[in-house]
1. Restricting the first residue to region 77-94 and requiring it to be within 16 Å of ASP41 (Cβ to Cβ) and open to solvent by 60 Å² or more (accessible area, probe 1.4 Å), which pairs with a second residue that is assigned to a loop (DSSP other than H, G, I, E, B) and at pLDDT below 95 meet a Cβ separation below 6 Å and a spacing of at least six or different chains?
2. Test of understanding: among ASP41, ASP28, which residue is open to solvent by 20 Å² or more (accessible area, probe 1.4 Å) and not polar (S, T, N, Q)?
3. Please work out if MET60 is over 27 Å from TYR137 (Cβ atoms) and either open to solvent by 10 Å² or more (accessible area, probe 1.4 Å) or acidic (Asp, Glu) (or both).
4. Which residues, taken from region 115-140, are open to solvent by 60 Å² or more (accessible area, probe 1.4 Å) and either touching a Lys or Arg at 6+ places or on another chain (Cβ under 6 Å) or modelled with pLDDT under 95 (or both)?
5. When region 174-196 is examined, which residues are found to be touching a strand residue (DSSP E or B) at 6+ places or on another chain (Cβ under 6 Å), polar (S, T, N, Q) and open to solvent by 20 Å² or more (accessible area, probe 1.4 Å)?
Amino acid sequence: YGTHRDPHSSLHDALPILFAISDIHSSDDFTMPELNSEEFDLLITLGDIPENTLDYILFMGRRIQDYGVHGNHDPKDMPGINDLHCKVVVFKGIKISGFGGAQKYKDHPNHYTEREVAKGMKKIPKVDVFISHSPPYAVSMNEDRIHQGFKAFDEYIEKKSPKYWLHGHLERNYETMIGQTKVIGIAGKRLLTLEF
């Protein structure tokens with residue numbers, strides 16, 4: 001991946017480098033490098049990753065900090081994942097929060113109604129980076145209902161303007177702006193450098 005960093009630098013004088021992964025529906029052909037702290041800062045998982053693949057991902061990323069959220073196809077609990085659903089962490093001065101799951105279309109873990117999401121999002125303070133499985137509604141309103149995101153995400157962006165919003169679920173890589181927030185869609189694996 002060709003990233004090189006002074007091992008003595010910190011996020012205060014170097015841009016954070018993330019290895020983000022989402023929506024791995026075939027474990028057979030998924031590979032990734034072993035992540036080390038000289039080249040990478042964070043491993044982020046955004047859901048819909050089979051348990052055996054997640055085990056492999058966490059093993060390959062064991063030398064750096066990892067955070068994640070669950071997808072709508074995941075079981076209620078995934079062993080080993082540092083789940084950020086409705087939680088806030090501070091990593092080297094960067095506040096990060098998350099929300100897992102997707103639109104409720106059947107009785108299954110990690111399926112939520114708009115009302116449930118709105119209630120959960122009200123408790124989350126302003127952060128720098130937000131991670132979710134589902135997208136904000138504004139970038140997914142033309143999708144089928146299962147793949148539409150939550151309007152509560154849009155409201156959070158409008159009121160609290162996180163610098164970045166990372167999500168999966170749509171299975172395409174893209175970047176766009178909603179107000180002051182850069183929204184980044186992740187499909188498969190993606191290397192990201194965040195600028196603060």
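1. LYS92/LEU11
2. Working: ASP41 fails: open to solvent by 20 Å² or more (accessible area, probe 1.4 Å).
Unique residue meeting the criteria: ASP28.
3. Values: over 27 Å from TYR137 (Cβ atoms): yes; either open to solvent by 10 Å² or more (accessible area, probe 1.4 Å) or acidic (Asp, Glu) (or both): yes.
It is true that MET60 is over 27 Å from TYR137 (Cβ atoms) and either open to solvent by 10 Å² or more (accessible area, probe 1.4 Å) or acidic (Asp, Glu) (or both).
4. Hit for region 115-140 is LYS126, nothing else.
5. Listed by number, the residues that qualify are THR176, THR193.
The values are calculated or read from the model by the stated rules, or taken from the named source; none is laboratory data. The shown structure was predicted, so the numbers you read here are calculated from the model rather than taken from an experiment. Every residue, glycine among them, receives a Cβ derived from its backbone with ideal geometry; neighbour counts consider all protein chains shown. Note: areas computed on protein heavy atoms with side chains; ligands, DNA, RNA excluded. Shrake-Rupley method; radii C 1.70, N 1.55, O 1.52, S 1.80 Å.
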